[in-house]
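Here the structure comes first, spelled out in structure tokens, and everything after it is commentary.
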Amino acid sequence: QVQLVESGGGLVQAGGSLRLSCAASVRIFNNYAMGWFRQAPGKEREVVAAITRSGGNTNYADSVKGRFTISRDNAKNMVYLQMNSLKPEDTAVYYCAATPLYLATRLTDYDSWGQGTQVTVSS
């Protein structure tokens, strides 16, 4: 398993930006594809973005396409989520997750999770 710690959440006004970071404690980070998920109050956890082991391929939820960018730095064991043009409906707890698969967008494909970081977007 991979130990994951998210950071970078906070309160931002609509239209603003935030950058989430996720630090991974694992011997070979590029053995894992990574994903960002979010869970709003009263809603199910949903995928936001995913990235392959090398970072060469990405996948985004339709709701964030063109606004969010997932990236990774394998030399630093880090994955990032740059969030621009934030909307109140982006308010949620954001989770970083790791999977040994090539690229995954289903919750059940991920076996390592961080503790989450709160993102709140005010209108």
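The values are calculated or read from the model by the stated rules, or taken from the named source; none is laboratory data. This structure is a prediction, so every number in the text was calculated from the model and none was measured. A quick note on method: Cβ atoms are made from the backbone with ideal geometry, for glycine too, and the neighbour counts reach across all protein chains shown. Surface areas here come from the heavy atoms of the whole protein model, side chains and all, with no ligands, DNA or RNA. Shrake-Rupley method; radii C 1.70, N 1.55, O 1.52, S 1.80 Å.
Observations
- Search result, residues across region 44-55 that are over 11 Å from the mean Cα position of the chain (by Cα) and either over 15 Å from Gly116 (Cα atoms) or in contact (Cβ under 8 Å) with a residue 12 or more places away in the chain (or both): Arg45, Thr52, Arg53, Ser54, Gly55
- For region 82-106, the candidate set comprises residues that are farther than 19 Å from Ser7 by Cβ, at pLDDT 95 or above and out of contact with any helix residue (DSSP H, G or I) (no Cβ under 8 Å at 6 or more places or on another chain); within that set, the residue that is most open to solvent (accessible area, probe 1.4 Å) is Glu89.
- The residues of region 4-18 that are open to solvent by 20 Å² or more (accessible area, probe 1.4 Å) and closer than 13 Å to Val79 by Cα, listed by number, are Val5, Ser7, Gly8.
- Taken together, the residues in region 52-63 that are open to solvent by less than 90 Å² (accessible area, probe 1.4 Å) and either under 13 Å from Trp36 (Cα atoms) or among the small types (Gly, Ala, Ser) (or both) amount to 8.
- Residues in region 64-81 that are open to solvent by 60 Å² or more (accessible area, probe 1.4 Å) and of a type outside the set (Val, Ile, Thr) were compared, and the one that is nearest to Ala24 (Cα to Cα) is Lys76.
- Consider region 19-45 and keep the residues that are in contact with a helix residue (DSSP H, G or I) (Cβ under 9 Å, 6 or more places away or on another chain) and farther than 18 Å from Leu101 by Cα. The one that is most open to solvent (accessible area, probe 1.4 Å) is Glu44.
- Taking every residue in region 1-20 that is more than 18 Å from Tyr95 (Cβ to Cβ) and aliphatic (A, V, I, L, M) and pairing it with any residue that is open to solvent by 30 Å² or more (accessible area, probe 1.4 Å) and in a loop (DSSP other than H, G, I, E, B), at least 6 positions away or on another chain, the pairs with Cβ-Cβ distances below 7 Å are Ala14/Lys87; Ala14/Ser123.
- When restricted to residues that are within 25 Å of Gly66 (Cβ to Cβ) and touching a residue at least 24 places away in the same chain (Cβ under 8 Å), region 90-113 contains 16.
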